[in-house]
Every structure is written in structure tokens, then in C-alpha cells.
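Just below is one structure, and these are the notes that go with it.
The values are calculated or read from the model by the stated rules, or taken from the named source; none is laboratory data. This one's a predicted model, so the numbers in the text were calculated from it and none came from an experiment. All Cβ positions, even for glycine, are placed from backbone atoms using ideal geometry, and neighbour counts span all protein chains on display. Ligands, DNA and RNA are excluded from the accessible area calculation, which covers all protein heavy atoms including side chains. Shrake-Rupley method; radii C 1.70, N 1.55, O 1.52, S 1.80 Å.
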Amino acid sequence: MIYLDNAATTYPKPNQVYNRMSYAIKKFGANPGRSGHDMSIESGKEVESCREIIKSLFNAKNVKDVVFTLNCTYAINLILKGLLKPGDHVVVSCLEHNAVMRPLKKLESLDITSSVVKIYPEDNNRTLDSFRRNINSKTALIVCMHASNVWGIKLPIERISALAKIYKIPILIDAAQTAGVIPIDIQKLGIDYLCMAGHKGLYGPMGTGILITSNADKLDTIIEGGTGTSSMEFCQPKEMPKKLESGTPNVVGISGLKAGVEFVKKLGIRNILNHEMSLINYLYYNLKKMSKIILYTSKPNADKFVPVLSFNIRGYISDEIGDILNKYNIAARTGLHCSPAAHNFFGTLSIGAVRVAPSIFTQKSDIDKLLNVINLIRIKS
């Protein structure tokens, strides 16, 4: 299979991820931090060593600021439902994933409102001004994806974060599409809440996500339970990361995530980005020459885009193209990508789009095969 759905989940994983998980399920079979016996202690050490390497990669202030979650969506929900109160107002971009938009819709019942900011992909000044105009006296949070999972458009999070600091408003960054692909320094960028998927650009397994925050004291909990600490108390512990990590953690998944992050650090995020962007630019260049191909953005570059490209072929809805690609053993993502807001932005709600997202393991020959099939579909249309 030619796998080009890496914006959803990277595949294949590095061999060290497979090997580490196989080792972990045999070696770390006890609950970490719950018992005093050797296996429990070793399981705990494995979890904490993963926390340390993530702290290092994203320059978190403290290792206790790193929280393991089920996925990026879970991390986002922890913030939206743990921070916002009745009467609060939220500013979000017009490209946000349903991981943001659905919780906000749910929170409307608590009189929590939101304003959707128009993005200008080629003009960061206008984008920043859009955010500024939508801030009001009740704004309690700015939510901004680092890059669109559909169109690959990067948002100017450095400037948006700086704007948030001027207004003394916390900012949540959804880095599902950028963690492991673009360097992120949480302290330098001034990010209050950084939410990430472990199974995408960090090459960990599904069922792993990360929240990094030094502002957990401002959060209420949405999940309470066993933490292995303060067990005589019915109240949830306040110390991090236990405050936000109730229940038995996914030790095997976290061990695999550790191996994935080590792989990314060793290879170098810049090298990964350069490889994937070169493939996306090659794809864009060749699609641009074909008639009947609909491209929605300008030529991707690393300053304004991540390595994700969505397109359509005139005469087809995206799912039809996906079905044909599948017959040629090519896996791409079609439809609405759990992001109707982003499709509404480019007017593709009725047909969706075909999304191509390479990984470090994707080769130029894979893109050539994709282009050959696209050409066949285009000629027959």
C-alpha cells in the first residue's frame, strides 16, 4: 500500500516503536506508581522517561507540566471544559477541527459563546487584525490551530500568542498537525496550553496524546479517579500531572511514544519537514500542470504551510476519487476530514477534498504513482 493519510495517523511507524511496544507489554505489566514492587516501579520509570524527553523536545518549564492523554481531542476538551465558565467568550479561527468546534457547541448550553475569526492565508497582518477585532471584555480564551489539517495553512501563532499576552488572555494551540513536523518552543512562543497527538508527527501509536501546561492551577478537572497518590482523600489531587491523569495510563502506548519522539529527535524536525515539503511541492507542481485539477491554495512553502495538500478533480466528489485510489492500493483521505469549518472556508462542504499527507517514509516514487492514477481519473472524467 502507498499510504498518504499521515495527517490522520502516521504509518508505518519506525521499527523502534514496534520493538519498544513489544518489549513494554512484556516488561511493564504492572500499574505505574500504584505499588512498591519492582515491576510497578519500572513501569513508572518508563512513563517518566517519556515525560522527560517530551519536556526537552518542546522546552516545557517543568516535567510535571507534561500530561498524557488519549489523543489531542481529549487534551483540548480538558482545557475547554476545565477552564471556561458561564458567561465566558472564546475566539477561534475559521479553520478549526471538530475537536474544538464540537466541545464549544456543547458549552453553549452553559452560556459560553465564541467568535469565529476569518483567516487570510497570504496576509498574516489581516489575520492578526481579525483576532484583535473579535476580542471583547468577556474573552477568556483564544483557541488556534497551528496548521489546518485540511489545507496545510499555518497560522501565525507567534503573533497571535503575543496578542493574547497584550490582552492577558490565555491561548490554546492545537498542534495536532505540527508536533514533530515544525519546531515548537512552548516557552518562547508563550503558549499557555499546547495540545498534541502522539500518533501523528511524533510517530507514536494511536491512543496517545499530550497536553503541556504550566497553568493547571486554573483548570477544573473533568475526570477524577485513582492516581496512586493521596488515596485516603476523596478529593482529586491538585499536584501535577496527577491532577489530570486519573486511572491506569497507557504504559505500552507511552513507551511506544517515547520511541517515536526519540526517532524524531535523532532524525531532526527540520530534516523531516524538508523531506515532506519537497514531496508536497513536487505533487503541487505536477497537479498544477493538469487540466480539471482544482487546487485551493498557492504553492506550499514551509513559511506558510505544513506538508498537507488537498485538491479535487472536476466532475467528481472527493469520495469517488478516494474509492478509485483505493483500488490502486493508494490510501488518501477524502470527505470533510472532521473539519467542516475548514471546508466551508473554501466552499467544499458539498464535495469534500482529497487530502495527501506524506511522512518521512514516503518516497518520490509513491507520489509518481499517485500522479499516474490521478491522470487516469482526469482523462476519463
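Average accessible surface for the stretch 1-149: 45 Å² per residue, computed with a 1.4 Å probe over protein heavy atoms with every protein chain in place. Short-range pairs are left out: with C-alpha atoms under 8 Å and at least six residues apart, the relative contact order of the chain is 23 percent. Computed over the Cα atoms of the chain, pair by distinct pair, the Kirkwood hydrodynamic radius stands at 21.6 angstrom.
These residues, 345, 234, 305, go from largest to smallest accessible area, 1.4 Å probe, as 234, 345, 305.
With both residues required to sit in the chain, DSSP beta bridges show an antiparallel share near 45%. Annotation: lysines with alpha-carbon distance below 19 angstrom to residue 118 (same-chain offsets under eight excluded): 105, 154, 304.
Placing +1 on the Cβ of every Lys and Arg and -1 on the Cβ of every Asp and Glu, with nothing else charged, gives the stretch 172-282 a dipole about its Cα centre of roughly 400 debye.
Were the residues from residue 372 through residue 64 laid out at 0.36 nm apart, the gain over their Cα-Cα distance would be 105.9 nm. In the context of the full set of protein chains, the stretch 200-316 has a per residue accessible area of 46 Å² (1.4 Å probe). Partner aspartates and glutamates whose Cα lies under 17 Å from the Cα of residue 218, excluding those fewer than 8 positions away in the same chain, are identified as 65, 88, 192, 239, 245. Give the angle, between 0 and 90 degrees and rounded to the nearest 10, that separates the Cα long axis of helix 364-380 from the longest principal axis of the Cα atoms of the chain. Tilt of helix 364-380: around 50 degrees. Just 58, 346, 311 to compare: in a GNM of the chain, with alpha carbon springs under 10 Å, which one fluctuates most? Fluctuation is largest for 346.
Placing +1 at every Lys and Arg Cβ and -1 at every Asp and Glu Cβ, with all other atoms neutral, what dipole size does the stretch 50-195 have around its Cα centre, in debye to the nearest 20?
260
Connecting C-alpha atoms closer than 10 Å in a GNM of the chain, tell me which of 315, 225, 44 has the biggest fluctuation. Result for the chain, Cα springs under 10 Å: 315 fluctuates most.
I'd like the FRET efficiency for residue 132 and residue 234, computed as 1/(1 + (r/R0)^6) with the beta carbon distance as r and R0 of 56 Å, rounded to 0.05. Please list the in-between numbers first.
Working: r = 45 Å, r/R0 = 0.80.
With a Förster radius of 56 Å, E is 0.80.
With respect to the chain, whose longest principal axis is taken over its alpha-carbon atoms, helix 157-166 is tilted by about 50°. With the cut-off at 1.5 for a/c, could you classify the stretch 7-68 from its C-alpha gyration tensor as rounded, prolate or oblate? Since a/c reaches 1.5 but b/c is at least a/b, the shape of the stretch 7-68 is classed as oblate. Each peptide among 226-232, 134-140, 116-122 gets the average number of other Cβ atoms lying within 10 Å of its residues, and from highest to lowest they stand as 116-122, 134-140, 226-232. Stokes-Einstein, applied to the Kirkwood radius of the stretch 1-123 over Cα pairs at a viscosity of 1.567 mPa s and 4 °C, places its translational diffusion at 71 µm² s⁻¹.
When the solvent-accessible area of the stretch 256-381 is split by element, carbon and sulfur atoms take up 50 percent of it, the probe being 1.4 Å.
Taking Lys and Arg as +1 and Asp and Glu as -1, the other residues whose beta-carbon sits under 15 Å from that of residue 224 total 0. Taken about its Cα centre, the chain carries a charge dipole of about 800 debye when Lys and Arg each add +1 at the Cβ and Asp and Glu each add -1 at the Cβ. Estimated from helical segments only, the mean residue ellipticity of the chain at 222 nm is -12500 deg cm²/dmol, where each DSSP H run of four or more residues counts as -39500 (n - 2.57). Would you be so kind as to identify which of 307, 328, 287 lies farthest towards the positive end of the dipole of the stretch 280-362, taking Lys and Arg as +1 and Asp and Glu as -1 on Cβ and the Cα centre as origin? Going by the Cα projections, it comes out as 287. For a paramagnetic label modelled on residue 18 (point 7 Å from Cα along Cα→Cβ), amide N atoms under 18 Å away belong, within the stretch 325-368, to 359-363. Ranking 242, 85, 26 by solvent-accessible area of protein heavy atoms (1.4 Å probe, all protein chains present), from largest to smallest, gives 26, 85, 242. One equal scatterer on each Cα of the stretch 260-381, no solvent, Debye formula: the resulting log10 I(q)/I(0) at q = 0.13, 0.17 Å⁻¹ is -0.53, -0.89. 3J(HN,Hα) along the stretch 137-147, derived from phi through the Karplus expression 6.51 cos²θ - 1.76 cosθ + 1.60 where θ = phi - 60°, amounts to 5, 9, 5, 10, 6, 10, 10, 8, 6, 5, 8 Hz, with x in place of Gly and Pro. Counting only residues at least eight positions apart within a chain, or on another chain, the aspartates and glutamates with an alpha carbon under 18 Å from that of residue 289 are 368.
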